[in-house]
1. List, in order, the whole-Hz ³J(HN,Hα) value for each residue of the range 139-150 obtained from phi through the Karplus relation with A = 6.51, B = -1.76, C = 1.60 and θ = phi - 60°; use x for Gly and Pro.
2. Quick one: how many lysine pairs does the chain have with C-alpha atoms less than 28 Å apart and a gap of 8 or more or different chains? Give me the count, please.
3. Taking H as built 1.01 Å from N, whose amide H comes closer than 5 Å to the amide H of residue 94, not counting residues under 5 places away?
4. Going by average Cβ neighbours within 10 Å, how do the peptides 46-57, 23-34, 136-147, 121-132 rank, with the highest at the top?
5. In the chain, what percentage of the DSSP-assigned beta bridges are antiparallel, given to the nearest 5?
6. Ranked highest first by average number of other Cβ atoms within 10 Å, how do 84-97, 61-74 line up?
7. Answer with one residue from 91, 140, 102: the one whose Cα lies farthest towards the positive end of the charge dipole of the chain, charges on Cβ with Lys, Arg +1 and Asp, Glu -1.
8. Mind listing the long-range amide H neighbours of residue 53? Cut-off is under 5 Å, sequence gap 5 or more, other chains count too, H placed in the peptide plane at 1.01 Å from N.
Amino acid sequence: RRRAQAKRRLPPSFAACAEAIRRADFPPGFTFGTASSAYQYEGAVNEGQRGPTIWDTLASRPGRVIDFSNADVAVDHYHRYKEDVDLMKDIGVDAYRFSISWARIFPNGTGKPNEEGLSYYNSLIDVLLEKGIQPYVTLFHWDLPQALEDKYGGWLNSQIV
């Protein structure tokens, strides 16, 4: 029980900010939300049959990212999404905008959808709705499957559209 309470405690700086911003300061019906992008948040790049993206390729090349970081783990939203949604609820979020990783749904860019990827996003949406948080989905957020980059040369080729 103590662990659960400690886990849900907000950092002091965030708590102070949350107290300074009151819902009453905004018009009725104002939506408070947060957002993420799949590549920057999910991690689990080699799990659930996710295919490589152009960002995976770029981040793996020496000298392309100053601190040599990548999104292999990121903030591990793929494994921690239930805890993350609990935190969203705790801070009073009404909406969550997130992107779907094209390579998690279609590991090779096209073809039959990956059931593990669909299951992950369906579970995330179900948890959001259970907590009263409205999901807003972005279908593409710059993480093109590497297979499509290799085949078509990216968005400069009209066949990719």
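1. 7, 9, 9, 6, 10, 4, x, 4, 4, 6, 4, 5
2. 7
3. Correct list: 32, 33.
4. Details: 46-57: 18.2, 23-34: 9.7, 136-147: 16.4, 121-132: 14.7.
The densest-packed peptide leads the list: 46-57, 136-147, 121-132, 23-34.
5. The antiparallel fraction comes to roughly 10 percent.
6. Values: 84-97: 16.5, 61-74: 11.2.
Sorting 84-97, 61-74 by mean packing, highest first, produces 84-97, 61-74.
7. Working it through, the farthest residue towards the positive pole turns out to be 91.
8. 146
Just so you know, all these numbers are worked out from the coordinates, no wet-lab data involved. All values reported here derive from a predicted model rather than from experimental measurement. Note that each Cβ is placed from the backbone with ideal geometry, even for glycine, and that neighbours are counted across all protein chains shown.
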